[in-house]
Structures are given as C-alpha cells and as structure tokens.
Amino acid sequence: MKEKKNVRGKIFATVAIGLVLIIVILGLLQRLVMPKYMGEVKEGALIGEYYDENKDFDVVFIGDCEVYENFVPAVLWENYGINSYIRGSAQQLIWQSYYLAEETLTYETPDVIVFNVLALQYNEPQKEAYNRMTIDGMRWSPSKVGSIQASMMEDENFIEYVFPLLRYHDRWSALEKEDFTYLFGAEKVGHNGYYMQVGIEPVEYIPEGRRLGDYSFGDNAWSYMDKMVALCEEKGVELVLIKAPSLYPEWYDEWDVQVEEYAAEHNLKYINFLECTEEIGLDYSTDTYDAGLHLNLYGAVKLTDYFGEYLVTECGLEDRRREEALAAEWEVKLERFYEQKEELEALEEEK
Amino acid sequence: MLFTSYRFLAFLLVLFVLYYVIPKKTQWMLLLVASYVFYAFAGWEYFIFMGITTLSTYGAGLLIDRNHSRQKAYLAEHKAELSKEEKKAYKEKQKNKRFAIMVVCLVLNFGILAVLKYTNFMIANINGVLEMTGSDKVLAFQDLILPLGISFYTFQSMGYLIDIHRGKYGAQKNVLKFALFVSFFPQLIQGPISRYDDLEKGLFGQHAFDWHTVSFGLQRILWGYFKKLVIADRMLIGVNAIIGDTESFTGFYVFLGMLFYALQLYADFTGGIDITIGIAQVLGIKMQENFNRPYFSKGIKEYWRRWHISLGAWFTDYLFYPISVCKPMLKVSKWSRKLLGEQVGKRVPVYAASIAVWFVTGIWHGAAWNFIVWGLGNCFFIMLSQECEPLYEKFHNRFAVKEKMWFKAFQIGRTFLLMSSLRMLDCYRDVPMTFRMFGSMFTDWNIGEVLSTGIWNLGLGLHDYIVLLIGIVILLTVSLVGRRGSVRDKIASKPMWVSMAVFGGMFIAVILFGAYGMGYDASQFIYNQF
C-alpha cells in the first residue's frame, strides 16, 4: 500500500515537474519570438513603457502617431512645469484610445486628457500588425480585454493575444540578434511616450486627398467618442480634442465641421492645429522629417510650446517644477532626452 | 468547426471534463449533444439530410429486425403445421419484404447522396455531350449544398442497415442512440467508416476515468496534430505552388510535387484519423484503425488493404461480394466459363465486380472524371498484377530474391511510386492535364534547375525544408518502430520522464513549428471534401 502511494507520488511529481518545465520553455519561447520593436519599427515598444512611470501626470495624450511624433513632454516640463505622458501607438484606433484612457484612469487621474481626432476616420479594425503594436504592450486588465475584442480582425483569435506564442510562433525562422539581446527586457524607446525624430525632409508636394462618397464618421467611431467623453466626465478629467498639424493624410473640412459641432455640443475644447501653423511658427521646410506627415523634433518643440501656453491659460494647469521629487525625476529624463538628441543629430550629420 | 481551430480544442476540453463529471449512464447523451453541437457549426440546414438518414435507417432497421423476429416466432409457432415447402415459401416472402424495405432505404439515402454530390457532374457531362453534338442548349448548374460528412455517415448508416438485413445483429431500438451512431463527431468528417457492432459497446457503455486510456488518447491526438500541422500543412505550400502553375512547373517539378503530395496526403489523412481515434480513446471508445503503414506495402493490393482500411472493407463487404454472388453475375460466370474456359472464365465475375467497386470508389472520392480514372487506374493495376502472378512466380523460382532486403525495398519503392503517380489525378484540374504533366516528367529534363534554384521558388524556405525533413524522419522512425508493437506502449514502459520529454517535446514542436495561424490559410483535412 505504502509502495503504491510512493509510486503514485513519483508519477505525480514527474508529471508536475514536466509540466512546469514545458510551461517555462513555452514562456521563454514566447518571449523569444515576440517582436521586440528595437529595430527599424520602434513604435511598438511605446505602449508598454507607461507602466514603469510614477503615474502622476497632469496631461495624458492619447492617440496615434500624430501625438507621439508631434508633442514633446520634455518641453512641457521645461517650459511650463507640466508633467505629461503620451499613450500613443501607430494607427491607434479610437476604441484602442478609449480603452487606453480607461486603463490610464485606473492608475491616475490627470487634469487633462488630450485626444487626437484623426482616428475618427476609422470605423472598423484596419490592420493586425497595428492592433498588435497597441495591444501587446498593455498589461492585462478589463481594458485590454475590451480593446482586443473591439480591435480583432476577422482572422484574429482572442487566444492569440492571451498566448502571443500562438501568433508569433512562425517567427522562429526569422529571429534576429535583437530578439536574443532583448529577450529579458527592452531598451527605453520613448521620452514619456514621445518618439524622437531629428531628420529633415521638407514638404515639396502635398498629395491631394481623394474625394470621399460620404464624409460622415462612422457610428462605431462616434460611439467610442461618446464613451470617452462620458469616461472623462465621470472621472472629472477635462477632455481636449486636437487635430495635429500633419499635412497629410488629408483632414477634410467636412470632418473638421463634424468635430467642431461635436465639441460644441459636448462643451469640449477643440483645436485644429492645422489652422494655426503660422502662429505656432511651423516651417514645413525644416520642421518635418517625412515631408509633412509628421513633425520632427524641431517642429514638435514649437507645437508643444504653443500647446503648453494653451494648457496653462485655457486649462489652468499649474507649474510643478518646484516639486522636488518630480523635478529630480525629470532631471534624469531630460539628461537622457538631450543625450539622445545629440546622438541622433550626430547620426543625421553623418548622413 | 475545423479540427485545427482553437474553438475545436476548447470544445474538446469542455467535453472531456464534462464527460467524466456527469453520471456515467448519461455519457452517451452528452456525446449526442456534443456531436450535434459540432454539426450545427457546419450549418443548421445540414441537419435535414442527416435527420432523413438517421430516421429512415432507424425505421428501416427496426422494420427489418421485427420482420426477422416475426418470422422466427411464426416458424416456431407453426413448426408442426407447415410443410417444408410452405416454410420455404413463407421465408422467401418475408425475405422479399425485408429486401424491399432495405432497397427503399438504400435508394433514398444513396439517392440523396447522388443528387447532392453528382448532379452538377452529370450536368457538366450532359453539357459536354450537347456541345459535341453542336447543340446550343446548355443545362444550368444547380446550387446544391453538400452536407458535412454526408459520404461518411451515409456509408456508415447503410452498412448498418445491410448488416441488420443480413441478420448480423439486432436493430438499435433507441432512436437517440442510433442518432449518436450516425453523428458521432470525431469520425463524421473523415471516417473511419465504423461498423455498428464495433462501436456499440464503446458508444453506449459507461466509462470511468482511466489515466492510462486518457493519456494514451491525448498522446494520439498530439501525434495527429504533429502530422497535420507540422508536416502536411507545411508540405501543402509546396504542393499548391507546383500544381497551381502548370506552365512553369513541369518535368522534375511534377515529380517533386507528386512526392510532396504523397507525403502531404499521408500526413494529413493519417493525422486526422489519429486525432479521431485519439478523441474516441480519451472518451473510452475504441475505434478501428484505418491505416497500417501503407507506404511499406510491397504491392498495390496489399496497399489497399492498408490504406483507408474501413472504406476498402466497406466496399468489399457491401459491394464486391454482393455483386460477385448476385444471380445475374452467377449467370455471367457460368456463361463465361463455358465460353472462355475454366481458367479465364472464372475471373470474369471477379473482374466485373472489381471494376464496379473501383468505379464507385473513384466517384466516392469526388464528382469528377479525375477520380473515376483514378479508381479505374487502381483497378487496372490490380488486375494486371494478378494476371502477372504466373510470371512473378517463374521469376521467383528462377531467382531467389524474394526474401532479400533490397528486393523488398524495390517492391516498396515501386508500389509507392505507382500509387503516387495515380494520385496525381487528385491534384490537377482534369485528366488530360494530369497526363500532360505526368508525361512532362519524362520529357522535360530540368532536374538540375529544380535542385539548384527551383526548390526555392515553391514558397518554402530552408527552414521549411529542415522542418519537413525532420518531421518525415520522425514519421518514418515511428512507422518502423511501430511494426514491432505500439510505440506508445514502448514509450510508456520507459521511466516516466521519457514520456514527458517525448510528448512535451512534441507539444512544443507542434506549437512552434506548426503551419497555423496568421499567414497560413486554415486548412481543412483533405478527406473532408469526400
């Protein structure tokens, strides 16, 4: 009897150890094959960086590349003492922005959430790769589940978000050095969510936007706009709508009118920066790194400075530069910021 | 619900847990519900056809069974009163009644199958004839549905009915139990075509959780997924590339495609059957094997005893023998023996029945001439091989090579190539194209080009070839080891950590090297379409 128990115990122990080993191996493999976003496409790493922060921000930007390329939190801090963060990712869809805002508000309650309205143009999921860049970096929460469910394309499966190994398993044949280098942790890419670009490619030609049959934003997109408004109201956060001054893709007048009307109806502030480029001082021959699609650091500094003034005067944000702990934190961040600026400028010069 | 979908795996997980939690006497009911849920995912409208097959076969089976019982009772009751002739006449009358019931049911069910599966094939042929005769008339193709698994469940049900008619066993009295026999989900889409008396005990019995059975079942499922996802679906990329471009991929490419397809089909079909049998095993149900290392066959006849065993057995039992011994065939036999002599004449009915069986086997696989030619091609080679028996005998009497290893390898290679060549008819769009591509193997000498650069144009990279090579080596090794008993038994006899390492490694291999998910088309099992 005792012997039988011993045998059973041995079997149980072997199975348990075996299962743990298999899980560990699968876990390691998952880390290995998941994209690290440390090569040419770095934007995918931005979303996950938020969790390392102290999460006591005055302003949180939410949106697509038009926020993480065009606004510089370091400038808001240096010039106005505003502590800000950008939760943006490539082609971030409005429901993804909503769920990121929802998640952010479970950690902190900023004074202002700034949302870039370009994403209103999309009423349904667009591309799996962009979904992944936004969602994979999120920590598990009801917001992440909501974001996945709202974003999945027809051929996507929820379980592949739970176990990304099932999605990326085939990358075993395309592994690069960075996959091993950053197996247990990646380098920081953003500066409070800002993705620095110092190249200059002047605007020479602005592609004309194609005519649309219907300029109305879709119901699904509007429903998430409504949700975002309700969320901010509920949490006592001011929602500011913006349209970044990217020259294309086209921001149609018909779209602008709809946002203006919506903002007026819901008593929201809305700034279309395309209408005040001169006031900002933007020079599209020097302030963009990709011919008008996004601003480079120099353009982003001008835009951020302009918007900082607005946040102080219109939203009543206060200067926090006298808060020692925060100032010390920013000192480190600014050091890294300027170091990278120098590095990138040196690289640009070499080109 | 694809066997390779996450949904199916979740479905299995829930089923397995529930199956061993609920009272044992209700296990079969759960299986019926699960089978219908599985079927509902294919389409609600399919239930009509499965319902007709289930109810008609159940009803006919009962009627025949009752007639059997009534006859027995009547004869027992009137044993003393009836003369021998009267008894014979009575038996004959009852036999005719039973036969009529069976025929009505067979016609109904095979009729449904024929209409749904072959109407458009018939229309295409009629249109072809009309075109040849210069007629302007064209028959319109019909928009018909083809219910999931109809070929399999129809054959299985009709096998049951014929067995009842033959008095092999009694009819199932419970319509729900019979419905489970028809719809049991693991075997629904690609077989095996089970016999009622083989399945009855397993399906309706009570099964306690047994770690050995369940773990062996899970191992078998895993092995099936390995074959399907790691080998078959990766090989599919190369096969599709070759058969999809008949202008560029000729000559040695065709030969390569033929080998690829032979391996893909084997891994795909046997993988699917492994999953099926494995699922049944986890549920405590023993199903018959459908393969017995067919690629090690030394002759075509042997091959067909080892490939898709349940289908071959079905045709032998329910088509070949009835045709061979039916009255008209006996007359033909008598006539042919008289006319052609004993030696030749006695083969006529056998060959006639063989041709009929192979014609039906071909068309069962698909409503196209490709499949008919494929079926008849198999028949031709089997007959040829039989006719050559005396020559073989002379050869073996002269040269003692029969037991030599190299000669066996030659026989195996020959059979493999022959079967693979015939199976090219599955791949290309029609018979002339298949023959053209087959011919190009002997006319377009591009082996150098294919091996130097061509193999990289088939959508497969070096990593794919490495995975395939390792997968095939594992497949071959398992087949070779399996000749001397169950591989799982051998592994289980080793220390526990060996099992964990083997099946844990296989699980990781399936996850990592499986051709599934984004970038791969969710691939159905090839035999689903039959």
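So, A:S285, is that one of a type in the set (G, A, S), open to solvent by 50 Å² or more (accessible area, probe 1.4 Å) and at pLDDT below 95 or not?
yes
Need pairs with beta-carbon distance below 8 Å; first residue assigned to a helix (DSSP H, G or I) and within region B:204-233, second of a type in the set (K, R) and open to solvent by 10 Å² or more (accessible area, probe 1.4 Å); sequence gap 6+ or separate chains.
Note: pairs meeting the criteria are B:F204/B:K177; B:F216/B:R488; B:Q219/B:R488; B:R220/B:R488.
Could you check region B:61-109 and list, in sequence order, the residues that are touching a residue at least 60 places away in the same chain (Cβ under 8 Å) and in contact with a Ser or Thr (Cβ under 7 Å, 6 or more places away or on another chain)?
Hits for region B:61-109: nothing passes.
Which one of B:L417, B:L468 is assigned to a helix (DSSP H, G or I) and either among the hydroxyl-bearing types (S, T, Y) or surrounded by fewer than 17 Cβ atoms within 10 Å (Cβ to Cβ) (or both)?
Going through B:L417, B:L468 in turn, just one is assigned to a helix (DSSP H, G or I) and either among the hydroxyl-bearing types (S, T, Y) or surrounded by fewer than 17 Cβ atoms within 10 Å (Cβ to Cβ) (or both): B:L417.
Filter region A:117-143 down to residues that are of a type in the set (D, E, K, R) and surrounded by fewer than 19 Cβ atoms within 10 Å (Cβ to Cβ) and give me whichever is farthest from the other protein chains (Cβ to nearest Cβ).
By that ranking, first place goes to A:R139.
In region A:191-205, is there at least one residue being open to solvent by less than 20 Å² (accessible area, probe 1.4 Å), part of a loop (DSSP other than H, G, I, E, B) and more than 30 Å from A:E343 (Cα to Cα)?
no
Among the residues of region B:499-521, which ones are part of a helix (DSSP H, G or I), at the interface with chain A (Cβ under 10 Å from one of its Cβ atoms) and not polar (S, T, N, Q)?
B:M500, B:A501, B:F503, B:G504, B:G505, B:F507, B:I508, B:V510, B:I511, B:L512, B:F513
Hey, does region A:248-265 have a residue that's within 30 Å of A:D287 (Cα to Cα) and touching an Asp or Glu at 6+ places or on another chain (Cβ under 7 Å)?
No, region A:248-265 has no match at all.
Among the residues of region B:81-90, is any in the same structural domain as B:I48 (by TED's automatic domain parsing), more than 26 Å from B:I189 (Cβ to Cβ), surrounded by fewer than 11 Cβ atoms within 10 Å (Cβ to Cβ) and under 37 Å from the mean Cα position of the chain (by Cα)?
No; the residues of region B:81-90 include none that is in the same structural domain as B:I48 (by TED's automatic domain parsing), more than 26 Å from B:I189 (Cβ to Cβ), surrounded by fewer than 11 Cβ atoms within 10 Å (Cβ to Cβ) and under 37 Å from the mean Cα position of the chain (by Cα).
Only one residue in B:F381, B:F371 is within 18 Å of the chain's Cα centre (by Cα) and at pLDDT 90 or above. Which one?
Answer to the selection: B:F371.
For the list (1) within 12 Å of chain B (Cβ to nearest Cβ); (2) free of Cβ contacts under 8 Å to residues at least 12 places away in the same chain; (3) assigned to a helix (DSSP H, G or I), I need the number of the one condition that A:R167 fails.
Against the list (1) within 12 Å of chain B (Cβ to nearest Cβ); (2) free of Cβ contacts under 8 Å to residues at least 12 places away in the same chain; (3) assigned to a helix (DSSP H, G or I), A:R167 comes up short only on (2).
How about region A:1-110: which helices (runs of 4 or more DSSP H) wholly inside it have at least 2 residues that are away from chain B (no Cβ under 14 Å), over 30 Å from A:A291 (Cβ atoms) and open to solvent by 30 Å² or more (accessible area, probe 1.4 Å)?
Answer list for region A:1-110: A:2-33, A:94-107.
Kindly indicate which of B:D143, B:D198 is surrounded by fewer than 16 Cβ atoms within 10 Å (Cβ to Cβ) and not in a helix (DSSP H, G or I).
Within the list B:D143, B:D198, the selection yields B:D143.
Among B:Q386, B:Q411, which is away from chain A (no Cβ under 14 Å), touching a Lys or Arg at 6+ places or on another chain (Cβ under 6 Å) and either surrounded by 12 or more Cβ atoms within 10 Å (Cβ to Cβ) or modelled with pLDDT under 95 (or both)?
The match here is B:Q411.
If you scan region A:154-187, which residues turn out to be modelled with pLDDT of 90 or more and over 22 Å from A:L26 (Cα atoms)?
none
The values are calculated or read from the model by the stated rules, or taken from the named source; none is laboratory data. For clarity, every value in this text was computed on a predicted model and none was experimentally measured. Because the Cβ atoms are built from the backbone with ideal geometry, glycine has one as well, and the counts that use them run over all protein chains shown. Heavy atoms of the whole protein, side chains included, go into the accessibility calculation; ligands, DNA and RNA do not. Shrake-Rupley method; radii C 1.70, N 1.55, O 1.52, S 1.80 Å.
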